[in-house]
1. Between LYS59 and GLU119, with labels modelled 7 Å along Cα→Cβ, what's the label distance in nm to one decimal, could you check?
2. Cα convex hull of region 5-131: mean projected area in nm², to one decimal?
3. Across region 21-29, in residue order, what do the Karplus-derived ³J(HN,Hα) couplings come to in whole Hz, using 6.51 cos²θ - 1.76 cosθ + 1.60 with θ = phi - 60° and x for Gly and Pro?
4. Between the alpha-carbon centers of region 71-98 and region 8-50, tell me the distance in whole angstrom.
5. To make sure I understand, if each residue's beta carbon is the centre and we count other beta carbons within 10 Å, what order do LYS15, LYS91 fall in, fewest to most?
6. Work from the charge dipole of the chain (Cβ charges, +1 for Lys and Arg, -1 for Asp and Glu, about the Cα centre) and give the residue of LEU77, LEU22, VAL99 farthest towards its positive end.
7. Quote the relative contact order of the chain in percent (integer), defining contacts as alpha-carbon pairs under 8 Å separated by 6+ residues.
8. Tabulate in residue order the Karplus-calculated ³J(HN,Hα) for region 8-14, using 6.51 cos²θ - 1.76 cosθ + 1.60 with θ = phi - 60°, rounded to whole Hz; enter x for Gly and Pro.
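Throughout, read-outs are computed from the coordinates displayed, never taken from laboratory work. If you're wondering where the values come from, they're calculated on a predicted model, not measured in any experiment. All Cβ positions, glycine included, derive from the backbone under ideal geometry; neighbour counts span all protein chains shown.
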Amino acid sequence: MSVSKVECKGTVRGKGEFTLDLYKHLTPVTVSAILRELPISGRVTIYPRAMVCILTGLKTGVEKPKLEYTKGEVAFLPANGSLCFFTGPAKSQSPLNPVGSIQTNVELLQRLSAGDVIEITQVREIEAAAQT
């Protein structure tokens, strides 16, 4: 287990699951805020061939921003508190805080439609609940 890497799972109701890793070293303040709020659940907003986002309700500032992302990366948009999952290469007009990467099943995100709900949970907490 890494001090920086936090394993998480994304579940899309009725469609499947994907795994992602959040990395504290990328943006420590932002990733810590996300981890405190888990589980996070929200309806998707789709930007075709670029990204899928969910509103989190989190408020945090710009931290180590990037404008260009590739397929499989995960970022936080401070402007509206969205967690963004990139399904293809994209260049943003607004700065996003890089927070992690999708490890498995990024293709699931490419098949989502408006109204789908994504829930992000931490894997360690899921495993602990399963053992009790």
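1. In this crude label model, LYS59 to GLU119 measures out at 2.7 nm.
2. Approximately 7.1 nm², given one-decimal rounding.
3. Residue by residue, region 21-29 yields 10, 9, 10, 4, 5, 5, 8, x, 5 Hz.
4. Spelled out, the Cα-based centre of one part sits 11 Å from the other.
5. Fewest-to-most ranking of LYS15, LYS91: LYS91, LYS15.
6. It is LEU77, whose Cα lies furthest towards the positive end.
7. 33 percent
8. Residue by residue, region 8-14 yields 10, 10, x, 10, 10, 3, x Hz.
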